[in-house]
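Everything on this sheet refers to the single structure shown next.
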Amino acid sequence: MEASRKRFVALFSIAVVSQALIVGLPAKAEEKVNLQSAQNKLEEGDYEQALRYYDILLKQGITTADIHYGRGRSLQELGKNEQSLESYTKMIEIDPKNAIAYSNRGLVYGSLGKIKLALNDFNTAIALDPNFENAYVNRGVTKGAMQDWKGAINDFDIAIRINPSYSTAWRNRGIVKETIGDLRGACVDWKTAAMLGQNEAKQWLAAQCN
């Protein structure tokens with residue numbers, strides 16, 4: 001039971017939403033170069049350098065929602081949660097109907113242990129985009145942290161209905177089932193997760209489902 005809860009809580013940090021940044025290119029050539037460099041570094045996973053370019057763009061007066069997304073994402077990956085929170089909040093101020101902004105901010109709130117605020121953001125993300133499977137998974141993790149097992153399973157069910165190939169949803173639902181004593185159901189979900197490429201699920205299958 002304790003091992004499954006530790007696995008479950010750890011899921012907060014792994015589901016950062018990727019977004020293809022679509023930004024109206026600034027007029028100045030230098031700003032265009034900095035913007036492209038920031039986006040390239042973000043996609044490459046070089047978050048320190050991406051952050052440096054996003055900070056330069058802000059100093060140049062470029063304050064679009066996507067700039068704050070990129071900066072927030074970089075800070076989030078670097079574990080600088082309070083600063084990341086500020087960037088996502090600024091993104092929401094500019095683009096209040098952006099479901100990704102709320103979902104990512106919810107992840108940061110979860111990392112900071114602010115579970116109710118995380119839940120509020122995931123609720124908003126889902127209200128804005130009812131087919132946003134990642135937000136359902138993240139809300140399911142949040143409900144699990146609140147020991148709302150039924151609610152967590154329901155959210156993972158919805159994510160799987162939206163995207164049956166979403167391996168993380170199968171993995172997470174299996175963890176909840178294990179937590180509530182349904183090892184047979186957990187093994188069924190982990191088998192699917194393993195078939196979809198979840199290596200940890202393969203290990204759990206070998207260790208607990210023989």
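The values are calculated or read from the model by the stated rules, or taken from the named source; none is laboratory data. Bear in mind that the values here come from a model prediction, so they are computed numbers and not experimental data. For neighbour counting, all protein chains shown are included, and Cβ atoms are generated from backbone atoms with ideal geometry for every residue, glycine included.
The sole residue among 154, 134 that is surrounded by 17 or more Cβ atoms within 10 Å (Cβ to Cβ) and within 21 Å of residue 189 (Cβ to Cβ) is 134.
To keep it simple, each residue is scored yes or no on (1) modelled with pLDDT under 85; (2) of a type in the set (Lys, Arg).
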{"residue": "3", "(1), (2)": "yes, no"}
{"residue": "10", "(1), (2)": "yes, no"}
{"residue": "28", "(1), (2)": "yes, yes"}
{"residue": "44", "(1), (2)": "no, no"}
{"residue": "64", "(1), (2)": "no, no"}
{"residue": "104", "(1), (2)": "no, no"}
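Looking only at residues in region 55-68 that are within 18 Å of residue 108 (Cα to Cα) and among the hydrophobic types (A, V, I, L, M, F, W, C), the one that is surrounded by the most Cβ atoms within 10 Å (Cβ to Cβ) is 67.
Residue 18 meets all of the listed conditions (1) at pLDDT below 75; (2) surrounded by 13 or more Cβ atoms within 10 Å (Cβ to Cβ); (3) not β-branched (Val, Ile, Thr) but one, namely (2). Name the single residue, out of those in region 157-210 being assigned to a helix (DSSP H, G or I) and of a type in the set (Ser, Thr, Tyr), that is nearest to residue 134 (Cα to Cα). Looking at the filtered set, the residue picked out is 168. A residue that is out of contact with any His (no Cβ under 9 Å at 6 or more places or on another chain), closer than 22 Å to residue 156 by Cα and not in a helix (DSSP H, G or I) occurs somewhere in region 107-126. Only one entry in 66, 95 is within 24 Å of residue 34 (Cβ to Cβ) and touching a residue at least 40 places away in the same chain (Cβ under 8 Å), namely 66. Going by what's in this entry, would residue 108 be described as aliphatic (A, V, I, L, M) and more than 19 Å from residue 176 (Cα to Cα)? Considered against the rule, which asks whether it is aliphatic (A, V, I, L, M) and more than 19 Å from residue 176 (Cα to Cα), residue 108 comes out as yes. Reported count of residues in region 85-104, each being farther than 11 Å from residue 121 by Cβ and surrounded by fewer than 20 Cβ atoms within 10 Å (Cβ to Cβ), is 7. Screening the candidates 114, 59, 90 for the property of being more than 24 Å from residue 31 (Cα to Cα), among the charged types (D, E, K, R) and free of Cβ contacts under 8 Å to residues at least 60 places away in the same chain yields one hit, 114.
Between 71, 52, the distinction of being surrounded by 22 or more Cβ atoms within 10 Å (Cβ to Cβ), of a type in the set (Lys, Arg) and free of Cβ contacts under 8 Å to residues at least 40 places away in the same chain belongs to 71 only. The single residue among 151, 140, 144 that is touching an Asp or Glu at 6+ places or on another chain (Cβ under 7 Å), of a type outside the set (Phe, Trp, Tyr) and farther than 21 Å from residue 72 by Cβ turns out to be 140.
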